[in-house]
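The values are calculated or read from the model by the stated rules, or taken from the named source; none is laboratory data. The structure displayed is predicted, hence computed values, not measured ones. Cβ: placed from backbone, ideal geometry, glycine included. Neighbour counts: every protein chain shown.
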Amino acid sequence: MKPFVPERISLASGAGGRAMRNLVESIFLNGVTSPPGAVGADAMDDGAAIPLGNQWLVMTTDSYVVKPLFFPGGDIGRLAICGTVNDLAMMGATNVLGLTCGIIIEEGFARSDLERIQASLQAACAEAGVHVVTGDTKVMARGELDGVVLNTAGVALCERVVRDCTLQPGDRLVVTGTVGDHGMAIAALRADVGIEGDLRSDVAPLRSLIAAVLNAVGEGVTAMKDPTRGGVASALFEMAQKSGVSLLLDGPAVPIRHPVRATAELLGIEPLHVANEGKALIGVRPEALETVLAVLRAHPLGRDAAVIGVVTSGRPGEIVLDTGMGKRLLHEPEGEPLPRIC
Amino acid sequence: MPDATERLEFRNRDQALRLSERLAQVVARIGRPLAVMHVCGTHEQAIARFGLRGLLPADLDVVMGPGCPVCVTDQPEVDEGVALVRQGVRLATYADMLRVPGTAGSLADARAAGGKIDVVYSIVQAVELARRSTEEIVFFATGFETTAVTTAAVLSGPVPPNFSVLSAHKYIPPAMEIIAETPGCRMEGFLAAGHAATITGWGVFEPFVARHKLPVVVAGFEPLDILAGLIALCEAILAGRQEVINCFPRCVSRDGNRVALDALWRVFRPIGGRWRGIAHVPDGNLRLRDTFSHVDARSRFTIDLASLWEFAPPSLTAACICGDILAGRLTPVDCALFGNRCTPSDPVGACMVSTEGSCRIWHDYGGRNRSGETL
Amino acid sequence: MCLSVPGRVVSIDGMTAVVDFWGVRRQVQLHIVDEPVAPGDYVLNHVGFAVRRIDPSEVAKTLALFEELMAGGSDDLLAAEIHAQLGGDDA
């Protein structure tokens, strides 16, 4: 059956879950072709990889719309740099040549806010060790846009491309830290329900963390993906489906901070369904596991790294979650996570 | 200690395993297959979310009842909301309601087509919205009595003049009667919804027990609550006891919450109405009393349902078996639409929409197929 | 059907309480609780309203009830079985 896309695009189609994949597959990938030997758009990986001599040129692009623009732990500027740096890193491309940054601003937007965004963007570049080398600016009339929209693209080189579709049975699944921090902080703010507590985005550039892991174990890493929109569930589902494997998750082993867990209970939102902006899911060969964990935990961004599951040869795309009491399927989120009353 | 760890205590794995062993013993004593029904979507959510189905004995069929207020909200009720939005009225509602299909699409469709809909977590936010605005704000109120009392509480106090309520609230006790009276009902006991009983009190089930000669257990929603509730229910079945057993004493008393009940019946009156898929449920719908007509969207606006007549209800609706599923007669896998024509992204029946809907839960978490195999 | 979460009351201002839910806090309305609520008490929250004050002694009772159910006791079961046989027609 053709994937379902509604007559008019709803917000769910942009939320990173099943609805968004349906939209991309049935409209945007229609007729799309890739250069020979390249990992192109149809791969729906974190970025594209084009052969260049004996190396790979990796490219990625992402647009950023977030409400509110400033949130605990970060802002749209930091998000725009980290998102693109992390997408490159997930392809194994940590040798970053440069980034582009386009910005579209709504008429009437405060200059002070723009300066704040720009300062944060620059700070994130310095932290990640990357440079914005070109950009673009547009202003639209009031009401034609809500505040500000950013787009960044990145170009990097690597010797070996790491894909998201190459998990093998027996691989261990590692997450580089706590899950659900960014998404739950934003969901709590957006629900406007006055939740107060230590909720903050985890937005951070993973370049040096991933470089350390790849330097240490090389092909011991079989696949990577960053669990952004749609959360860990969506990223794992994609990895499993594309790799033709199934996954067994150890629920109690998934690191989740207390305030995130509490907010999840309060709003009825699954922590595995919301975005992370400074985490990676890594498929690791069993023999490399110990090294990977040691390298991750020695890095400030990997302190809470944990093994959360194993790759099995069951039904492709199926994720079985062991809750500690019993097993169940873990489903892909449908659309935007919203608080529920039942 | 009812401390932060309280929730953990009710999720203790070892205790869950011990309770499940005990449940198996009791069911073995009964010595034949039996079916019981829970009347609360949150029970099903918890059973699915914690993977408890695998802990239940094969001879015990725990059937999902009409326990989701979103699922049983009928098309005409959704249509009223959609019609108001199409008339240009700004609507606030719980996220749960957004994607429930009506005759002419869902509220989410109406929003994508330009309608003004705000998602709120609490009616208090909807009132705030009205306070900050000069526009008319209609709160589309759904939920069982637990939620209805919060609507009642707000309407009992002062509200802004531009605020009104479109009530689709439901009252659960009469629905249990409908199920028990269904010819051929194979349920030998009911697990009643703990949170609703917090309001009504467990005493509300006594006439039911007397009439139908079936035990009712009031149970909470943590894994241990559910397993303990099932043990108590099966023990009562084994012993032939017909009574109400309160396994949720930390939240439920015999008389319930008087303050909340007073507010509920001051503001609402029960009327009969169709529950989606089920039947006409006498006294199953909660509507605002005449004394509250000034805040009743049905009085304040002429809801132009005729504007939706050009939309024929989706033809697939005829093949939908939500009603049989909600009544516990069939399971989602018995439906020809399940998982192919009816999915969470393109739901045909309401049971696929709500996160508490039977079909949605089975689709997302895996259910139990005919051979009793889980997942 | 009704997502409800227990939390501990931190402070109260009129009909509004600040409640701690396992590490995060939010305001909860007290209009429909039927018992006086004081800081330190536990309440059950549903859509921003406390629908019930949770008596700590009842929490202990619930846990004791679970123990009882788990222990079961074969004597009880036997008695129950005999009881069922005696009153078998309405079982």
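Taken together, the residues in the range B:10-25 that are more than 7 Å from every other protein chain (Cβ to nearest Cβ) and touching a residue at least 12 places away in the same chain (Cβ under 8 Å) amount to 7. When the residues of the range B:334-354 are filtered to those that are more than 14 Å from every other protein chain (Cβ to nearest Cβ) and in contact with a Lys or Arg (Cβ under 9 Å, 6 or more places away or on another chain), the one that is nearest to residue B:182 (Cα to Cα) is B:334.
May I ask you to list the residues in the range A:283-305 that are surrounded by fewer than 19 Cβ atoms within 10 Å (Cβ to Cβ) and of a type in the set (Gly, Ala, Ser)? Of everything in the range A:283-305, those that are surrounded by fewer than 19 Cβ atoms within 10 Å (Cβ to Cβ) and of a type in the set (Gly, Ala, Ser) turn out to be A:294, A:298.
Restricting B:82, B:70 to those that are at the interface with chain A (Cβ under 9 Å from one of its Cβ atoms) and buried (at least 22 other Cβ atoms within 10 Å of the Cβ) reduces the list to B:70. Kindly provide the set of residues from the range A:140-165 that are buried (at least 18 other Cβ atoms within 10 Å of the Cβ) and over 21 Å from residue A:205 (Cα atoms), ordered by number. If the condition is that a residue be buried (at least 18 other Cβ atoms within 10 Å of the Cβ) and over 21 Å from residue A:205 (Cα atoms), then A:148, A:165 are the ones that fit.
Can you run down the residue pairs with Cβ atoms below 7 Å, 6 or more apart or on separate chains, where the first is in the range A:284-299 and part of a loop (DSSP other than H, G, I, E, B) and the partner is surrounded by 14 or more Cβ atoms within 10 Å (Cβ to Cβ)? Sorted first by the residue in the range A:284-299, then by its partner, the pairs are A:285/A:171; A:285/A:220; A:285/A:222; A:299/A:209; A:299/A:212.
Applying the condition of being under 21 Å from residue A:246 (Cβ atoms) and free of Cβ contacts under 8 Å to residues at least 12 places away in the same chain to the range A:300-326 and asking which residue is nearest to the other protein chains (Cβ to nearest Cβ) yields A:326. Output the residue which, of all residues in the range B:20-76 that are acidic (Asp, Glu) and over 25 Å from the mean Cα position of the chain (by Cα), is farthest from residue B:186 (Cα to Cα). Restricting to residues being acidic (Asp, Glu) and over 25 Å from the mean Cα position of the chain (by Cα), the top hit is B:21.
When the residues of the range A:215-259 are filtered to those that are under 12 Å from the mean Cα position of the chain (by Cα) and polar (S, T, N, Q), which remaining residue is farthest from residue A:198 (Cα to Cα)? Out of the qualifying residues, it is A:234. Residues that are among the basic types (Lys, Arg) and within 7 Å of chain B (Cβ to nearest Cβ) within the range C:51-69 comprise C:52, C:61, listed in sequence order.
Among the candidates B:191, B:166, B:230, the residue that is touching a His at 6+ places or on another chain (Cβ under 6 Å) and either outside any helix (DSSP H, G or I) or not assigned by TED's automatic domain parsing to the domain that holds residue B:84 (or both) is uniquely B:191. The criterion of being surrounded by 22 or more Cβ atoms within 10 Å (Cβ to Cβ), assigned by TED's automatic domain parsing to the domain that holds residue A:117, of a type in the set (Val, Ile, Thr) and more than 27 Å from residue A:166 (Cα to Cα) does not hold for residue A:81. A residue that is among the aliphatic types (A, V, I, L, M), touching a residue at least 12 places away in the same chain (Cβ under 8 Å) and within 14 Å of chain C (Cβ to nearest Cβ) occurs somewhere in the range B:132-148.
When we screen B:268, B:248 for residues that are aromatic (Phe, Trp, Tyr), in contact with a strand residue (DSSP E or B) (Cβ under 8 Å, 6 or more places away or on another chain) and at pLDDT 95 or above, the only hit is B:268. Checking each residue in the range C:1-39 for being of a type in the set (A, V, I, L, M, F, W, C), out of contact with any Leu (no Cβ under 8 Å at 6 or more places or on another chain) and either buried (at least 16 other Cβ atoms within 10 Å of the Cβ) or not in a strand (DSSP E or B) (or both) picks out C:1, C:2, C:3, C:9, C:18, C:19, C:22, C:28, C:30, C:32, C:33, C:38. Scanning the range A:185-231 for residues being in a strand (DSSP E or B), on the phi < 0 side of the Ramachandran plot and buried (at least 19 other Cβ atoms within 10 Å of the Cβ) gives a total of 5. Say we look at the range A:1-13 and pick out the residues that are assigned to a helix (DSSP H, G or I) and crowded, with 16+ Cβ neighbours inside 10 Å; which of these is modelled with the highest pLDDT? Checked the range A:1-13; the qualifying residue modelled with the highest pLDDT is A:13. Would you call residue A:238 over 30 Å from residue A:133 (Cβ atoms), of a type in the set (D, E, K, R) and either outside any helix (DSSP H, G or I) or more than 14 Å from every other protein chain (Cβ to nearest Cβ) (or both)? Considered against the rule, which asks whether it is over 30 Å from residue A:133 (Cβ atoms), of a type in the set (D, E, K, R) and either outside any helix (DSSP H, G or I) or more than 14 Å from every other protein chain (Cβ to nearest Cβ) (or both), residue A:238 comes out as yes.
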